[in-house]
Amino acid sequence: MDPLKIFIAVIYAVLTVILVSLLFAAAMAGDWFTTIAGGIGTAATIGLAVETLRP
């Protein structure tokens, strides 16, 4: 992998960790709208990362 793809992978990993932690916090607070919207956003971010890093 070239350095640019490694950098992109690290940025997507950090973003995914942040989104999952916020999703967990919303679920623990009982905010179901934010939990559902956050789940969709997290899944979309993971899908975008997979498509971006595909050779």
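Each reported figure results from applying straightforward, stated rules to the coordinates on display, with no laboratory input. Remember, it's a predicted structure, so these values are computed and weren't measured experimentally.
Relative contact order, whole percent, for the chain stands at 43, derived from Cα pairs under 8 Å and 6 or more residues apart. Going through (i) -0.37, -0.60, -0.81; (ii) -0.45, -0.66, -0.84; (iii) -0.30, -0.56, -0.87, the figure that equals log10 I(q)/I(0) by the Debye sum over Cα atoms at q = 0.13, 0.18, 0.23 Å⁻¹ as computed for the structure here is (i). With respect to the chain, whose longest principal axis is taken over its alpha-carbon atoms, helix 3-29 is tilted by about 10°. With everything on Cα atoms, drop me the angle between helix 32-53 and the longest principal axis of the chain, reported from 0 to 90° to the nearest 10. Between helix and principal axis, roughly 10 degrees.
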